[in-house]
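The values are calculated or read from the model by the stated rules, or taken from the named source; none is laboratory data. As the structure is a computational prediction, the values presented were derived from the model and not from experiment. Counting neighbours? That spans all protein chains shown, and the Cβs are built from the backbone with ideal geometry, glycine included. We work out accessible area using only protein heavy atoms, side chains counted, and drop any ligands, DNA or RNA first. Shrake-Rupley method; radii C 1.70, N 1.55, O 1.52, S 1.80 Å.
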Amino acid sequence: MALSSVGRQTMLLDADLGLANVDVLLGLQPRANLSHVVDGSRSLEEVIVSGPGGLMIVPAASGVARMANLSPAEHAGVIRAFSDLHCALDTLVVDTAAGVSDDVISFTQAAQDVIVVVCDEPASITDAYALVKVMGCEEGSPRFHVLSNMAQDEHEGRALYQKLSRVCARFLDVNLHFLGSVPYDLALRRAVQRQQPVVEAFPGSPSAKAFKRIARVIEGWVPPTGARGHLEFFVERLVRAGAESEGYVI
Ligand SMILES: Nc1ncnc2c1ncn2[C@@H]1O[C@H](COP(=O)(O)OP(=O)(O)OP(=O)(O)O)[C@@H](O)[C@H]1O
Ligand SMILES: [Mg+2]
């Protein structure tokens, strides 16, 4: 939402395939979802929902268990659907599930930049470390950015980043970048309860301001090179990741 509000054409892919909930968070009632694209009954255009502020949303399939385990062929179907899409996009945001399951790894490998959302709790820090570990530091790995959530202030957020960044540099030889922090904010909870984005419902709240700061940083990220742009960059890498995990290479 914050990216949209700074004028970027933004699409959000709700890729928490087992428990997708962006539609619930924004009070939208999508009639179709990614599973219809996978089975070929809808085009991607038919599935895209216009969210607040011009945000384009691709709902995944809440409760559709098989969506959490797409076969390579189904993955390829999703990729084709995205390649056929004819709208200009500046940024594709992919919200994945937590953890390091195969589909999370595939989506993460396909992205140019990965934002690891972490809060200052042992389980959150070890989850973040595990994700960076499985992604590794191979040639072509995405860049990792840390977003500290529920921090008291920017100072505490940065301290959490430094804690994670030190162990990743030391044991994994991976460098993390600090993206920023979002404070614990009751306005955010209230917005969630109202099924509205906080940047619209409470634009002056601390978390909304933090999201806007973060959007301005993301605006400055270097886009993928090559004429085909973000979307095809992402989908090509996604299908390759799926294929490699199945033991063949495209
Ligand atoms: N900075 C914050 N301030 C206040 N409440 C927050 C904050 N961050 C998250 N929350 C609360 O926690 C809930 C879950 O947060 P979020 O959706 O970011 O977590 P998640 O790990 O992605 O969860 P899921 O597994 O459901 O996708 C939010 O709906 C909100 O109510
Ligand atoms: Mg989530």
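Entry remark, region 166-176: residues being over 13 Å from VAL117 (Cα atoms) and either in contact with a Leu (Cβ under 7 Å, 6 or more places away or on another chain) or within 16 Å of ligand 2 (Cβ to nearest atom) (or both) number 1 in total. Taking the criterion of being more than 16 Å from ligand 1 (Cβ to nearest atom), within 15 Å of the chain's Cα centre (by Cα) and either of a type in the set (A, V, I, L, M) or exposed (fewer than 14 other Cβ atoms within 10 Å of the Cβ) (or both), the residues of region 1-35 that qualify are LEU3, MET11.
Only a single item in (1) free of Cβ contacts under 8 Å to residues at least 24 places away in the same chain; (2) open to solvent by less than 10 Å² (accessible area, probe 1.4 Å); (3) of a type outside the set (Ser, Thr, Tyr) is not met by LEU188, and it is number (2). If you check ASP127, ASP120, ASP103, ASP95 for being within 16 Å of ligand 1 (Cβ to nearest atom) and part of a loop (DSSP other than H, G, I, E, B), only one passes: ASP120. Give the number of residues within region 130-145 that are at pLDDT 90 or above and more than 14 Å from THR108 (Cα to Cα). Selection size over region 130-145: 0. Comparison of VAL116, VAL78, VAL100, VAL93 shows that the only residue that is open to solvent by less than 20 Å² (accessible area, probe 1.4 Å), within 16 Å of ligand 2 (Cβ to nearest atom) and among the aliphatic types (A, V, I, L, M) is VAL116. Out of all the residues in region 36-53, is one or more within 24 Å of VAL199 (Cα to Cα), in contact with a Ser or Thr (Cβ under 9 Å, 6 or more places away or on another chain), open to solvent by 20 Å² or more (accessible area, probe 1.4 Å) and modelled with pLDDT of 85 or more? There is at least one residue in region 36-53 that is within 24 Å of VAL199 (Cα to Cα), in contact with a Ser or Thr (Cβ under 9 Å, 6 or more places away or on another chain), open to solvent by 20 Å² or more (accessible area, probe 1.4 Å) and modelled with pLDDT of 85 or more. All of VAL94, VAL78, VAL117, VAL146 fail the test of being within 14 Å of the chain's Cα centre (by Cα) and either closer than 25 Å to ARG42 by Cβ or of a type in the set (S, T, N, Q) (or both), apart from VAL94. When each of LEU147, LEU160, LEU179 is tested for being open to solvent by less than 80 Å² (accessible area, probe 1.4 Å), more than 16 Å from ligand 2 (Cβ to nearest atom), outside any helix (DSSP H, G or I) and under 21 Å from GLU121 (Cα atoms), the lone residue that passes is LEU179.
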